[in-house]
Amino acid sequence: MAKLALIYGMRLLPVDDLGEVKEAMVVLKSGRTARVAMHLIEGSKEEIEDTFRQSIDAFFEMYPEI
């Protein structure tokens, strides 16, 4: 299997300041582009951590061959 790269970004902001979340774009060496879905988790620190862990687990469940 090829060596993989997991692309992600995180930033904490006050929920009341948030206007919208847009997708991110990755430019490959070939010049092609790929979209990266951005996800929003709201709540307390503990709620965000718990939801984030569940999200990571679910993400890798989509790729059982890894």
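Details
- Counted residues, the range 27-39 - those being modelled with pLDDT of 95 or more and either touching a helix residue (DSSP H, G or I) at 6+ places or on another chain (Cβ under 9 Å) or among the aliphatic types (A, V, I, L, M) (or both): 3
- Residue count for the range 37-53, restricted to those that are of a type in the set (V, I, T) and either in contact with a Ser or Thr (Cβ under 6 Å, 6 or more places away or on another chain) or assigned to a loop (DSSP other than H, G, I, E, B) (or both): 1
- Candidates E61, E23, E47, E65, filtered to the one that is in contact with a Lys or Arg (Cβ under 7 Å, 6 or more places away or on another chain) and not basic (K, R): E23
- Checking each residue in the range 1-36 for being surrounded by fewer than 10 Cβ atoms within 10 Å (Cβ to Cβ), in a loop (DSSP other than H, G, I, E, B) and hydrophobic (A, V, I, L, M, F, W, C) picks out M1, A2, L4, A5, L6, I7, M10, L12, L13, L28.
- Here E42 passes the criteria (1) touching a helix residue (DSSP H, G or I) at 6+ places or on another chain (Cβ under 8 Å); (2) free of Cβ contacts under 8 Å to residues at least 24 places away in the same chain; (3) of a type in the set (D, E) except the one numbered (2).
The values are calculated or read from the model by the stated rules, or taken from the named source; none is laboratory data. Bear in mind the structure is a predicted one, so any value in this text is a computation, not a measurement. Don't worry about glycine lacking a Cβ; one is built from the backbone with ideal geometry, like all the others, and counts go over all protein chains shown.
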